[in-house]
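The values are calculated or read from the model by the stated rules, or taken from the named source; none is laboratory data. Values in this document were obtained by computation on a predicted structure and should not be read as measured data. Neighbour counts run over all protein chains shown; Cβ positions are idealised from the backbone, glycine included.
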Amino acid sequence: MKKGQADIVSAVLIIIISIGLIATAYTWGIPLIQKNQDRAIADRVANFFDQNSQSSLPNTIEFIANNQGEQTVKLEITGFWKLNEGESSIQYTFFSKISNIAVGSNWVSLTPGADCNLFTGPAIGYVGKDRSSVVCARADKLGDGYNVTYKVWFREIDDSTATRGFKINLVKNEAGTLTSPAQSTRISYAGSTNQVSGGKTLIITQIKILFV
C-alpha cells in the first residue's frame, strides 16, 4: 500500500473511531447528565420545604404570621402551585426522573411526630412542642418519571391549658388565583381574629398568598 493510500485509510479509521466514541458518550453521558440535573432539582425542592432550613416556605410563613410584614420566596423550576383555602394548606407539584420520596406509599410526613391524614388534616399540636406547619410529600409514577408533590398544612396549636389555641389560615390574595405555574410566591400578613367557643379562645392569623 502506498503512503498516500495509507494516510487516507488512517484518517478514515480515526474518523470512524471518533464517531464511535462520540456515540458512546452521547448514549451514556446525556442520561447521566439529565439524572444529575433532576437530582439537583429534587434536592432544591426538598430544601425549599425543609423545616430545618430557615428560608424554607413553611418557616417563612410561620415567621410572617408571628412578625407580620411581607416576603416573596422563589422556586425557579417548572412546577405547579395549588392553594387549598378550606384546609389551610399549600402544595407544589413537579415532574422529575428521580424522587426523594418513596413511590406509591401515598402521603409521607416529613414533620417528626405528625401525621398526614388528608381527610381531617393533621392532629392538633401543642405550644412549645409542635410546629404550626406539617410538611407532607408523595411521589406518583408518571411515564418515565414521577409527579412529586409537597404539601404544607397549618394546624391548630393549643397551650397546655387547652383554653387558648393558635391557627394560621392561608387565604388567596384578592389579586391572585388558587392555582398557578408561577415561580414566586408573595406571603403577606393580613391580621388576626379571636374565635371563642366553649371556653376556648382560638387566635386565627390570616396569611395571604399571591403567586406571581
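Checking each residue in segment 100-111 for being under 17 Å from the mean Cα position of the chain (by Cα) and not hydroxyl-bearing (S, T, Y) picks out N100, I101, A102, V103, N106, W107, V108, L110. Residue count for segment 68-87, restricted to those that are of a type in the set (S, T, N, Q), within 19 Å of K172 (Cα to Cα) and modelled with pLDDT under 95: 0. Taken over segment 59-73, the residue count meeting the criterion of being out of contact with any helix residue (DSSP H, G or I) (no Cβ under 9 Å at 6 or more places or on another chain) and within 14 Å of F48 (Cβ to Cβ) is 4.
Of A65, A42, all but one fail to be part of a helix (DSSP H, G or I), surrounded by 19 or more Cβ atoms within 10 Å (Cβ to Cβ) and either acidic (D, E) or modelled with pLDDT under 95 (or both); the exception is A42. Of the numbered criteria (1) touching a Ser or Thr at 6+ places or on another chain (Cβ under 8 Å); (2) modelled with pLDDT of 95 or more; (3) over 29 Å from K35 (Cβ atoms), the one V127 fails is (2). A count restricted to segment 135-186 and to residues that are of a type in the set (K, R) and in contact with a helix residue (DSSP H, G or I) (Cβ under 7 Å, 6 or more places away or on another chain) stands at 1. The residue list K141, K151 contains one member that is outside any loop (DSSP other than H, G, I, E, B) and modelled with pLDDT under 95, which is K141. Within segment 51-62, being assigned to a loop (DSSP other than H, G, I, E, B), within 19 Å of D130 (Cβ to Cβ) and either among the aromatic types (F, W, Y) or in contact with a strand residue (DSSP E or B) (Cβ under 8 Å, 6 or more places away or on another chain) (or both) holds for one residue alone: Q51. Would you confirm whether any residue within segment 192-201 is out of contact with any Ser or Thr (no Cβ under 9 Å at 6 or more places or on another chain), closer than 20 Å to I64 by Cα and modelled with pLDDT of 95 or more? No. Quick check on my filter: what residues within segment 115-148 are surrounded by fewer than 13 Cβ atoms within 10 Å (Cβ to Cβ) and over 30 Å from D159 (Cβ atoms)? Across segment 115-148, the qualifying residues are K141, L142, G143, D144. Applying the condition of being outside any strand (DSSP E or B) and hydroxyl-bearing (S, T, Y) to segment 68-92 and asking which residue is farthest from A190 (Cα to Cα) yields T78.
Looking only at residues of segment 93-115 that are of a type in the set (G, A, S) and part of a loop (DSSP other than H, G, I, E, B), we find that the one that is modelled with the lowest pLDDT is S105.
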